[in-house]
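*Asks:* The structure follows.
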Amino acid sequence: MEQHYRENMNTEEKVGLVLEGGGMRGIYTAGVLDVFMEHGLSFDGVIGVSAGAIHGCSFVSGQVGRSIRYYKKYCRDSRFMSFRNVLKTGDIVDEQFCYHELPDILDPFDHQAFQRSSTKFYVTCSNLETGKAEYLHLTDMRAQIDLLRASASLPYVSRVVECGGRKLLDGGCTDSIPVNAFMKMGYERNVVVLTRSREYVKEPEHSTLARLYYRQYPRFAAAMKNRHKVYNNSRKLIRRLQEEGKAFVISPAQGPDIGRVCHDPDKIQEVYDQGRGDAIRQLGNLEIFLENSR
């Protein structure tokens, strides 16, 4: 029977699930989420960033194994993710293939299950004109597919996504781990899935490239310059929330040893299994954390 950790008569706390991005590193998250689904765990809300959003929507629709299945099957298809695609289309992924043909025909996304779910789903995007993160509630994956695409549109290798009068890109540029934002939205206790090791500290990026490449969007370029500070501050906040019993973190002990782009199905399976293994090992403590939220 599904265990849905929700607010009840004794508490108004809502429990959220926060999913970091990271390109192909996100298949680690897919492994974690499949274990959650296999054990009937769900949450009041899920917020995903970039690859975290890609895998998070399949979690809300309850499709165990979908992510690893299509990642392994299509990772060698240049339309799925390749620098060849960047040269051809301006996007590292082919929009028509990844956001229409794949979820509608090749490995169908369960839209009905997504819409029936009582779990609210959010994606994080970066607004190029304001230089700020936006946390957008998705209720219809067909009608709002461009918001999911925007969240996962990596800087430099993706075209700007124009949607609802906004110019958007990868949410990781402005808020890679939106725990603080989710808490402000009412999700006071959160399970956080990271795709970097526990000891990881983000280094400053080359701000000159962002300033030149996104010269039309100076606020976004400034956000890219400060990206490492925002990321490292989020990690500090998460550690404090762990100490306070308000966050439960699943993250790799090291690695994962995979690049943002990977065409090796065996490597993809290895990182997925790493996520599964970490989730299984922490399942008992996680269930205690969730029971204390009821």
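*Asks:* Filter segment 93-122 for residues that are open to solvent by less than 30 Å² (accessible area, probe 1.4 Å), of a type outside the set (Phe, Trp, Tyr) and in a helix (DSSP H, G or I) and give the result.
*Replies:* Residues satisfying the conditions are Cys98, Leu102, Pro103, His111, Ala113.
*Asks:* Right, Arg69: within 19 Å of the chain's Cα centre (by Cα) and basic (Lys, Arg) or not?
*Replies:* Yes.
*Asks:* May I pose another question? Report whether or not Phe289 is open to solvent by less than 50 Å² (accessible area, probe 1.4 Å), in contact with a Phe, Trp or Tyr (Cβ under 9 Å, 6 or more places away or on another chain), within 20 Å of Ala30 (Cβ to Cβ) and touching a residue at least 40 places away in the same chain (Cβ under 8 Å).
*Replies:* Answer is no for this residue.
*Asks:* Does Arg84 satisfy the criteria of being out of contact with any Pro (no Cβ under 7 Å at 6 or more places or on another chain) and either in a helix (DSSP H, G or I) or within 23 Å of Thr208 (Cα to Cα) (or both)?
*Replies:* Criteria met by Arg84.
*Asks:* Against the condition at pLDDT 95 or above, under 30 Å from Ile280 (Cβ atoms), aromatic (Phe, Trp, Tyr) and buried (at least 20 other Cβ atoms within 10 Å of the Cβ), how does Phe248 come out, does it pass?
*Replies:* Considered against the rule, which asks whether it is at pLDDT 95 or above, under 30 Å from Ile280 (Cβ atoms), aromatic (Phe, Trp, Tyr) and buried (at least 20 other Cβ atoms within 10 Å of the Cβ), Phe248 comes out as yes.
*Asks:* If the Cβ limit is 7 Å and pairs must be 6+ apart or interchain, which residue in segment 129-155 that is assigned to a loop (DSSP other than H, G, I, E, B) pairs with which residue that is basic (Lys, Arg)?
*Replies:* Hits for this filter: Glu129/Lys167; Glu129/Arg219; Thr130/Arg219; Gly131/Arg219.
*Asks:* If we keep just the residues of segment 9-20 that are open to solvent by 10 Å² or more (accessible area, probe 1.4 Å) and out of contact with any Phe, Trp or Tyr (no Cβ under 8 Å at 6 or more places or on another chain), which is modelled with the highest pLDDT?
*Replies:* Among residues in segment 9-20 that are open to solvent by 10 Å² or more (accessible area, probe 1.4 Å) and out of contact with any Phe, Trp or Tyr (no Cβ under 8 Å at 6 or more places or on another chain), the one modelled with the highest pLDDT is Glu13.
*Asks:* Please specify each residue of segment 256-294 satisfying the condition of being hydroxyl-bearing (Ser, Thr, Tyr) and either under 15 Å from Met37 (Cα atoms) or assigned to a helix (DSSP H, G or I) (or both).
*Replies:* Tyr272
*Asks:* Same structure again: Touching a Phe, Trp or Tyr at 6+ places or on another chain (Cβ under 8 Å) and over 30 Å from Arg76 (Cα atoms): does that describe Met183?
*Replies:* The answer is no for Met183.
The values are calculated or read from the model by the stated rules, or taken from the named source; none is laboratory data. Every value quoted in this text rests on a predicted model; they were computed, and no experiment measured them. Please note: Cβ atoms are built from the backbone with ideal geometry, for glycine as well, and neighbour counts cover all protein chains shown. What goes into the accessible areas is simple: the full protein's heavy atoms, side chains included, and nothing from ligands, DNA or RNA. Shrake-Rupley method; radii C 1.70, N 1.55, O 1.52, S 1.80 Å.
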